[in-house]
Amino acid sequence: MIFKKIKGLIIFCLSIFLYLRYCIFTRSDLSTDNLQENKNTKGDFIKSSFEDYVSQEMCDTIEELRVELDVPSIQVSIVSKDHGEFNYISGYANIEKKKIATLNTVYYLGSLTKLYVQAVILKLVQDKKVSLDDLVIDYINIYPNDKSVTINHLLDHSSGLYDLLSSRRHLFKLYFLGKRHTTEDILRNVRENKPYFAPGEKRKYSNTGYILLGLIAEKVTNKSFSYLLNQFFLDNYKLTNTFYSSQDELPNSLATGYDLDMYRLDKVGLKANVEKYPFSLPTAGFTSGGIVSNASNVCNFLFNIFNTSVLDDKYIRKLRLFFIPKNKENIVLRTNIGHICGYYNFSGYSDSKKFSIVVLTNLSYASGGVYIPEKVADKIIETMVNNGII
C-alpha cells in the first residue's frame, strides 16, 4: 500500500513538472487561425437526414452529456439503412486555443484500429494470400517462441506472446520519458521474453499481436498497411478522412487529446493535454491503435463492412466473432471500445436493425466505471428507440 502511494506521488509530481515545463518554455499559438468560433457554419457541426425533432433531441442529449461529463469534445455518427445518416459534433478540438471541433475533426481511434486490421487480414485470406492457419514464424521471426503460433491465434488474442504494450514499466517510459520504439523493438521483445502461455491455451488481450498482423499483411503483399487499407476498403467506401498515423501525413484537423487517467492531473483540477508530454502516439500503437479518423468515416466503414460484398459472407461471419455483444433496449449490438492516451471511443453495429453508431471523444477516462462514449451511445440509442427510429 505504501509503495503504491509513493509510486502515485512520483507519477503525479512528474506530471506536474512536465506540465509546468511546457507552460514556461512553450508559447501557445493563439493566432486567428486557431480561434474558429466565428468561421464555421451550421453544416460544420450537424448533418442529418433524420426528422428534425429527433435530430434536435439527440443534439441536446449530446450537449448535456458533454457538459455533465466535462468532455472537451464528443463526435457522434449514425448510419441507418432505413433512415440515412446523423452526424453531430460538440465542443473543442483544443481547449487552450479555443479551437472548436467540427465534423471534419479527426481522433485517434485506439483499439478501434483492430477492426481495420481484422478486415485487411480477412481480405488477404479471402484472396488466398494467406491462411488463418498459417504459422506466424513463416512470415516473421519470433524464435525461440512456440513455432505453432498461427495468424488466427493473433486475431483472437490467444497467441500467448509477450505484449510489450501491457508492461507498466514500458508504458511509464512511453508516457513520461518519451520512449519511441519501432516495430523491430516490438519483435525483439517478443523474442526475448517468455510467452504467457502456449498458443490456444488461453486468451490475453494483446496489442503486440495486432502489430504483428500488420507486419504480416505488409510482408505478404510487399505493400504498406496504409496502401492495403485504402486499396481494399477506404477507396471502395469513399472514405477520405481516415489515416494510418505511422505512415500517413495527418491533417491539421486532428483533435488534441486530453487525459484524466494516466497523468493524474485531475487531482488539481486539470486535464492533461497529451501534446504537453513527450508521449508519441504514432509509435505507441502502430496497427494496434494508430488509425486516425472521424466518426462519420468509422461509422460508414463499420456499416459497409457488413453490408457490401468486399468481404464474402464467410469472412463477414468470421469478423462478427471479434466483436463484443451488448444488449441495449432489447437490441443486440456488436461493439468495440477504442482507448489510447488522450482519446476514448465506442463503436457498435446491429445486424437486426441495420445501423451503426460511433462515438469519438478526446478524453481518456475510464475511472470509477464511467465509460463516457458508451454512456453517450446508450442515451442516443434510447432516443432512437423512443422515437421509432429503430
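The values are calculated or read from the model by the stated rules, or taken from the named source; none is laboratory data. Since the structure is predicted, the reported quantities are computational estimates derived from the model, not experimental observations. Note that each Cβ is placed from the backbone with ideal geometry, even for glycine, and that neighbours are counted across all protein chains shown. The area values use the complete protein model at the heavy-atom level, side chains included, leaving out ligands, DNA and RNA. Shrake-Rupley method; radii C 1.70, N 1.55, O 1.52, S 1.80 Å.
Only one of these conditions is not met by residue 190: (1) of a type outside the set (D, E, K, R); (2) part of a loop (DSSP other than H, G, I, E, B); (3) open to solvent by less than 80 Å² (accessible area, probe 1.4 Å). Which number is it?
Condition not satisfied by residue 190: (2).
Take the residues of the range 48-99 that are open to solvent by less than 30 Å² (accessible area, probe 1.4 Å), outside any helix (DSSP H, G or I) and among the aliphatic types (A, V, I, L, M): which is farthest from residue 298 (Cα to Cα)?
Result: 71.
Name the one entry in 131, 206, 159 that is at pLDDT 95 or above, polar (S, T, N, Q) and closer than 19 Å to residue 341 by Cα.
Exactly one residue qualifies, and that residue is 206.
What is the residue count in the range 131-144 for residues that are open to solvent by 10 Å² or more (accessible area, probe 1.4 Å) and either among the aliphatic types (A, V, I, L, M) or within 22 Å of the chain's Cα centre (by Cα) (or both)? I'd like the intermediate steps shown before the answer.
Looking only at the range 131-144, we keep the residues that are open to solvent by 10 Å² or more (accessible area, probe 1.4 Å), and these are 131-135, 137-141, 143-144.
Now restrict to residues that are either among the aliphatic types (A, V, I, L, M) or within 22 Å of the chain's Cα centre (by Cα) (or both): 132, 135, 137, 140.
Number of matching residues: 4.
If we scan the range 219-234, do we find a residue that is within 28 Å of residue 258 (Cβ to Cβ), part of a loop (DSSP other than H, G, I, E, B) and hydroxyl-bearing (Ser, Thr, Tyr)?
The answer is no, given that none of the residues of the range 219-234 is within 28 Å of residue 258 (Cβ to Cβ), part of a loop (DSSP other than H, G, I, E, B) and hydroxyl-bearing (Ser, Thr, Tyr).
Going through 147, 202 one at a time, which residue ends up being open to solvent by 50 Å² or more (accessible area, probe 1.4 Å), more than 20 Å from residue 283 (Cα to Cα) and in contact with a helix residue (DSSP H, G or I) (Cβ under 6 Å, 6 or more places away or on another chain)?
147
Out of (1) farther than 22 Å from residue 89 by Cα; (2) free of Cβ contacts under 8 Å to residues at least 60 places away in the same chain; (3) of a type outside the set (Gly, Ala, Ser), what's the single condition that is false for residue 229?
(2)
Let's see how each residue does on (1) in contact with a helix residue (DSSP H, G or I) (Cβ under 6 Å, 6 or more places away or on another chain); (2) among the polar types (S, T, N, Q); (3) open to solvent by 10 Å² or more (accessible area, probe 1.4 Å); (4) more than 22 Å from residue 254 (Cα to Cα):
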site	(1), (2), (3), (4)
346	yes, no, no, no
350	no, yes, no, yes
353	no, no, yes, yes
374	no, no, yes, no
382	no, no, yes, yes
388	no, no, yes, yes
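Assess whether residue 243 counts as being farther than 20 Å from residue 183 by Cα and either out of contact with any helix residue (DSSP H, G or I) (no Cβ under 6 Å at 6 or more places or on another chain) or free of Cβ contacts under 8 Å to residues at least 60 places away in the same chain (or both).
Against the criterion (farther than 20 Å from residue 183 by Cα and either out of contact with any helix residue (DSSP H, G or I) (no Cβ under 6 Å at 6 or more places or on another chain) or free of Cβ contacts under 8 Å to residues at least 60 places away in the same chain (or both)), residue 243 does not qualify.
So which residues in the range 348-368 are touching a Phe, Trp or Tyr at 6+ places or on another chain (Cβ under 9 Å), of a type in the set (Ser, Thr, Tyr) and either without any contact (Cβ under 8 Å) to a residue 12 or more places away in the chain or part of a strand (DSSP E or B) (or both)?
Of everything in the range 348-368, those that are touching a Phe, Trp or Tyr at 6+ places or on another chain (Cβ under 9 Å), of a type in the set (Ser, Thr, Tyr) and either without any contact (Cβ under 8 Å) to a residue 12 or more places away in the chain or part of a strand (DSSP E or B) (or both) turn out to be 349, 356, 361, 364.
Name the residues in the range 84-121 that are more than 16 Å from the chain's Cα centre (by Cα), within 24 Å of residue 235 (Cα to Cα) and touching a residue at least 60 places away in the same chain (Cβ under 8 Å), would you?
Passing the criteria: 85, 87, 102, 103, 104, 120, 121.
Considering the range 169-223 alone, what residues qualify as being of a type in the set (Gly, Ala, Ser) and either closer than 15 Å to residue 151 by Cβ or under 20 Å from the mean Cα position of the chain (by Cα) (or both)?
Within the range 169-223, 200, 206, 209, 214, 217 qualify.
Which of the residues spanning the range 100-120 are part of a strand (DSSP E or B) and either aromatic (Phe, Trp, Tyr) or farther than 12 Å from residue 360 by Cβ (or both)? Give the steps one after another, and end with the answer.
Going through the range 100-120, the residues part of a strand (DSSP E or B) turn out to be 100, 106-108.
Of everything in the range 100-120, those that are part of a strand (DSSP E or B) and either aromatic (Phe, Trp, Tyr) or farther than 12 Å from residue 360 by Cβ (or both) turn out to be 100, 107, 108.
Counting only residues that are open to solvent by 10 Å² or more (accessible area, probe 1.4 Å), in a loop (DSSP other than H, G, I, E, B) and among the hydrophobic types (A, V, I, L, M, F, W, C), how many does the range 285-332 have?
4
Look through the range 252-268, keep the residues that are touching a Leu at 6+ places or on another chain (Cβ under 7 Å) and modelled with pLDDT under 95, and return whichever of them is most open to solvent (accessible area, probe 1.4 Å).
Top of the filtered list is 266.
Exactly one of (1) in contact (Cβ under 8 Å) with a residue 24 or more places away in the chain; (2) open to solvent by 10 Å² or more (accessible area, probe 1.4 Å) is unmet by residue 124. Its number?
(2)
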